[in-house]
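Q: Have a look at the structure that comes next, please.
The values are calculated or read from the model by the stated rules, or taken from the named source; none is laboratory data. In this text the structure is predicted, and so the values were computed from the model without any measurement. For neighbour counting, all protein chains shown are included, and Cβ atoms are generated from backbone atoms with ideal geometry for every residue, glycine included. These accessible areas exclude ligands, DNA and RNA; they are computed on the full protein's heavy atoms, side chains included. Shrake-Rupley method; radii C 1.70, N 1.55, O 1.52, S 1.80 Å.
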Amino acid sequence: LDALAQDLGAILGGGGFHSGKVLGFPLGFDVGAHAVVTGVQDDNLTFKDDGSTEQGYFGQVEVGLPARINLLARGGQVADGDMLGGGISLGILKSDVPGLPSLSVSALYNQLDHDYLDAKTYSVNAALSIEFPLIDPYIGAGYDYTTLDPTAKAFAETPASVDRSLEGKSSGYRVEVGANLHLLPFTYLTLAAGLANGQELYHAAAGVRF
């Protein structure tokens, strides 16, 4: 179960940033639809049965607060389960000058409710971005710690001798490089790729940011 926890953690923790620049106050907001796809480790037999990748889809909302603080909420689907989470980010550097970097750090909590398991992921991230007229490249990294507990339904057809106290625990990393394309004012199209625990990682998003 540890490999399953690590792969789930990469998806649940993924997509938590697409810029190093925090939103302004009082009008700053970001509303977007995100998709995260990761490769599946060979030790993760649960996901390997379904293919070589697993994915999550979720909506995400961010709002700007004073003191370069942003709040984030998200919800969607991961591996046929319901995902719900949120977090906070803090701007370390914030630049409105094209070509100069912005840097932020964030902490997120996400949970997954599935028929056969419950998972919880705690994540910390750092992201650096640079703004240009039509494109904002960024790079970011994250660390995820995930716990996983099978539900009673997971043991419905197993012998009574099977230990019901099984659980999975794992930590992992993510590294992501991407860009936000601004094809229309106040909109973005995010395309990114990277690695999560040695496996491929892809992140795509579209939304409105002000």
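Q: Any residue at all in region 16-23 that is touching a residue at least 12 places away in the same chain (Cβ under 8 Å) and more than 20 Å from Val175 (Cα to Cα)?
A: yes
Q: Here is a follow-up. Does region 174-195 include one or more residues that are at pLDDT below 95 and closer than 23 Å to Glu54 by Cα?
A: Scanning region 174-195, I find no residue that is at pLDDT below 95 and closer than 23 Å to Glu54 by Cα, so the answer is no.
Q: What is the number of the single condition among (1) in contact with a strand residue (DSSP E or B) (Cβ under 7 Å, 6 or more places away or on another chain); (2) touching a residue at least 24 places away in the same chain (Cβ under 8 Å) that Asp80 does not meet?
A: Evaluating Asp80 over (1) in contact with a strand residue (DSSP E or B) (Cβ under 7 Å, 6 or more places away or on another chain); (2) touching a residue at least 24 places away in the same chain (Cβ under 8 Å) leaves (1) as the failure.
Q: Would you pick out the residues in region 99-121 that are within 13 Å of the chain's Cα centre (by Cα) and without any contact (Cβ under 8 Å) to a residue 24 or more places away in the chain?
A: Ala107
Q: Taking Ile139 as the residue in question, decide whether it is closer than 24 Å to Asp7 by Cα, among the aliphatic types (A, V, I, L, M), in contact with a Leu (Cβ under 6 Å, 6 or more places away or on another chain) and open to solvent by 60 Å² or more (accessible area, probe 1.4 Å).
A: Considered against the rule, which asks whether it is closer than 24 Å to Asp7 by Cα, among the aliphatic types (A, V, I, L, M), in contact with a Leu (Cβ under 6 Å, 6 or more places away or on another chain) and open to solvent by 60 Å² or more (accessible area, probe 1.4 Å), Ile139 comes out as yes.
Q: Something else: Does any residue of region 104-123 turn out to be more than 30 Å from Ala3 (Cβ to Cβ), exposed (fewer than 15 other Cβ atoms within 10 Å of the Cβ), touching a strand residue (DSSP E or B) at 6+ places or on another chain (Cβ under 7 Å) and of a type outside the set (Lys, Arg)?
A: No, region 104-123 contains no residue that is more than 30 Å from Ala3 (Cβ to Cβ), exposed (fewer than 15 other Cβ atoms within 10 Å of the Cβ), touching a strand residue (DSSP E or B) at 6+ places or on another chain (Cβ under 7 Å) and of a type outside the set (Lys, Arg).
Q: While we're looking at this one, here's another question. Please specify each residue of region 176-207 satisfying the condition of being open to solvent by 60 Å² or more (accessible area, probe 1.4 Å) and aliphatic (A, V, I, L, M).
A: Across region 176-207, the qualifying residues are Val177, Leu183, Leu184, Leu189, Leu191, Leu195.
Q: Oh, and also: Does Ser89 qualify as being of a type in the set (Ser, Thr, Tyr), farther than 20 Å from Ala141 by Cα and in contact with a strand residue (DSSP E or B) (Cβ under 9 Å, 6 or more places away or on another chain)?
A: Considered against the rule, which asks whether it is of a type in the set (Ser, Thr, Tyr), farther than 20 Å from Ala141 by Cα and in contact with a strand residue (DSSP E or B) (Cβ under 9 Å, 6 or more places away or on another chain), Ser89 comes out as no.
Q: Could you tell me which of the residues Asp136, Asp144 is within 23 Å of Met83 (Cβ to Cβ), among the acidic types (Asp, Glu) and in contact (Cβ under 8 Å) with a residue 60 or more places away in the chain?
A: Result: Asp144 is the single residue among Asp136, Asp144 that is within 23 Å of Met83 (Cβ to Cβ), among the acidic types (Asp, Glu) and in contact (Cβ under 8 Å) with a residue 60 or more places away in the chain.
Q: Condition (residue is under 17 Å from Ile11 (Cα atoms) and open to solvent by less than 50 Å² (accessible area, probe 1.4 Å)) applied to region 156-168: is it met by at least one residue?
A: For region 156-168, residues under 17 Å from Ile11 (Cα atoms) and open to solvent by less than 50 Å² (accessible area, probe 1.4 Å): present.
Q: So, one more: Quick one: which residue in Asp30, Asp82 is acidic (Asp, Glu) and either within 16 Å of Arg174 (Cβ to Cβ) or open to solvent by 20 Å² or more (accessible area, probe 1.4 Å) (or both)?
A: Asp82
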